[in-house]
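Comments concern the structure below.
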Amino acid sequence: MTKRFMTKYLKIDNSGNRKYRRRVPGGLQSGLGKKEFVKLLGKTDDEAMKNYGPYHAHIEQLLVSTKSLSDPAELLKGRCFKTIPVKDSLRESKRLHRAA
């Protein structure tokens, strides 16, 4: 008995490659800077199924995270975390070194 899984975003192109293709929701397109996610998952069904789950989970998390941001482009730029200017971090490391 062969097991079949529902893979909504798995497509087979003309050369037989399995690709993940998914449209980006309209409200997130400008923030993400793309209209769809496309990734080659493999040349065989087994290879594609092995790669589908982790990549799909990554895209789901990206979309959920982007919806919660006021500026979705910040997620892709990596600026959703507080950054410390270099000179301040050097001062802090010197202070900690003197205290030790």
With x for Gly and Pro, the residue-by-residue ³J(HN,Hα) of the range 20-33, computed from phi through the Karplus equation 6.51 cos²θ - 1.76 cosθ + 1.60 at θ = phi - 60° and given in whole Hz, is 8, 10, 8, 6, 7, x, x, x, 9, 4, 5, x, 7, x
The extension gain from residue 49 to residue 23, computed as 0.36 nm times the residue separation minus the Cα-Cα distance, is 7.4 nm
Taking a crude spin-label model, label points 7 Å out from Cα along the C-beta direction, the residue 12 to residue 30 distance in nm is 4.0
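Every read-out reported here was derived from the displayed coordinates using simple, explicitly stated rules and does not represent laboratory data. Predicted model only: the values in this text are computed from it and were never measured. All Cβ positions, even for glycine, are placed from backbone atoms using ideal geometry, and neighbour counts span all protein chains on display.
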